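These notes are about the structure you will find just below.
A short reminder: the numbers here are calculations on the coordinates, not readings from a lab. If you're wondering where the values come from, they're calculated on a predicted model, not measured in any experiment. So basically every Cβ, Gly included, is an ideal-geometry build from the backbone, and we count neighbours across all protein chains shown.
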Amino acid sequence: MHKRVMSIWFPQLPLDRRIRRGDGRLDGPFAATQVIKNAPRLTHVTPAAFASGARAGQSLADARAICPDLMTESVNPAALNLLLRALWRWSDRLSPWAALDAPDGLFLDISGCAHLFGGESAMARFALQALDDMHVTARIGMADTKRAAWALARYATDSELGDVSMDNREPRRMALALPGATADAIAALPLRALNIKPATETDLRRTGLKTIGDIRGRKSAELARRFGLEITQQLSRAMGYEPDPVSPEAADPIYAARMTLPDPIGRLDDLTDVLRRLASSVCRRLEDALMGARRFDLTVHCVDTGPHVITTGFARPSHSVDAVLQQFSRPLDDLRIEYGADRFRLIARNLEPIRVRQQILGGEAQKQAEDFDQLISTLGNRLGFDRVRRFLPRDQHIPEGEFCSVEAVSPEQAVWEAAPRPRPLRLFRRPERLRTLTPGRPPPKFEWRGRAFDISAAEGPERLAPPWWQHKNTGMMSRRQRDYWQAHLVSGEQLWLMTYPGGEHPDWFVAGMFA
């Protein structure tokens, strides 16, 4: 039996993850970014962003200059790894011998499997159609070796692929090398298809060697002496001269428990007792593995209405039985069971390691942190975790840019530094214009929100200017500068007043309110 390997490549995995979550931003110019060589760069772009001139590999500053409407989001490696592992578990329906090709691919040993789907071409079509249904973009390569399949999936051009597209409007997405014809199939591919270092590829191109076929007939000793062992090792693996097997990992452990009852139950006390027994089993296994879950799914099979899935989440990973019971108490109370339920299943999801921490005597700060996490968990389960947000500091000196809003369950830590000058408790996103009654700097008397105010004392000005690289028109810089004043009113209130300096009759605004 000829050994056959399938390589599945997910070229747009960060964007596919957002599409699967229903992110509407991907309908317009959008790009995923990552810090590469100490600078944020684009890694994946949507068709709208590509049409506007944005390209993968561009620095974020250059892309924004070309496409001002471009929206971006940093790549989340942990989330992408979870999605890739989910696809890895899905690939078990194609072959029982599958391995991860992190960060964006899979390897499958399909020897003896293709006939179950009607041949290799039909197997590839089945995989592509299933991935399309899951809103995941993919390209497939098949060959006798793992390295050759990898190269075909990523570097075979449309002219080299078979006509197996799901839609004539789409680019062809699969390349199949016939058994025994791997060497000829990859001969026209560029040298980077061997996954060698860019410096080695550059040295080879300088000598006129541009494709795998150009170096296939060269002596290995000569190539190794001039360009190193890497090129000969990768070539030998692609041709099958050296073993390069698909080595699958053990499947991810599943922390779940189920219970089937001889007679249906419907009372809340009985449901709670079943949940306690399920949670005790799941949480004990999590605790033994030093793991915690951010989400638990409880499936309740009712006799008349079928399965009902109840989901609850946590602000930080947990394996506490009491916490699980507390978060499920309200959803179970709202569950309507007319004729009872007889099957139950609890599964822990979004697993993360839990670091054991020593208890601190008199640890008020630790207790406050736990209470805060409990508050976030309760609010998130009732309102949705995407709607519970918190503020993080940003390294900017413009007041409205000194913070950003993130999900409350975000692992990012907040390290707030004291402002050089007092800042208002309430900062207006858009400063509100006031009407000057008595001219001055600041105006001693003004009208705002239908009320007249008198200033008893004022501290300022504090002059702030936007970053110089955001405004190329230096003639407008004086207009874009801002002066802020802390105004003490006769009524006892304190307002943060703002104006643009340089005008003969400047406009004044209320930028915030102090406590």
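Details
- About its Cα centre, region 256-364 has a charge dipole of approximately 520 debye under the convention of +1 per Lys or Arg Cβ and -1 per Asp or Glu Cβ, with nothing else charged.
- Local electrostatic count, Leu83, Cβ distance below 9 Å [Lys/Arg +1, Asp/Glu -1]: +2
- Magnitude of the charge dipole for the chain, about its Cα centre and with charges confined to Cβ atoms of Lys, Arg (+1) and Asp, Glu (-1), is about 1280 debye.
- Sorting the segments 265-276, 313-324 by their residues' average number of neighbouring beta-carbon atoms within 10 angstrom, most packed first, yields 313-324, 265-276.
- Counted residue by residue at 0.36 nm each, then reduced by the alpha carbon distance between them, the extension gain from Thr305 to Arg64 reaches 81.5 nm.
- One quarter of the surface of the convex hull around the alpha-carbon atoms of region 256-364 equals 7.6 nm², the direction-averaged projected area.
- Exposure proxy order (Cβ contacts within 10 Å, fewest to most) of Val35, Val75: Val35, Val75
- By other beta-carbon atoms within 10 Å, ranking Leu278, Leu290, Leu332 with the fewest at the front produces Leu290, Leu332, Leu278.
- Convex hull projection area averaged over all views, region 99-140, Cα basis, nm²: 3.2
- Translational D in µm²/s for the chain (Stokes-Einstein at 20 °C, 1.002 mPa s, Kirkwood Rh from C-alpha pairs): 75
- Neighbour counts of other Cβ atoms within 10 Å put Glu230, Glu222 in the fewest-to-most order Glu222, Glu230.
- Computed per residue of the chain from DSSP H runs no shorter than four, each worth -39500 (n - 2.57), the mean residue ellipticity at 222 nm is -9000 deg cm²/dmol.
- Each of Pro317, Gly266, Ser329 was placed along the dipole of region 256-364 (beta-carbon charges, centred on the mean Cα), and the one lying farthest toward the positive end is Pro317.
- Full extension of the chain between Asp92 and Thr211 yields a length gain of 39.4 nm, computed as 0.36 nm times the residue separation minus the alpha carbon distance.
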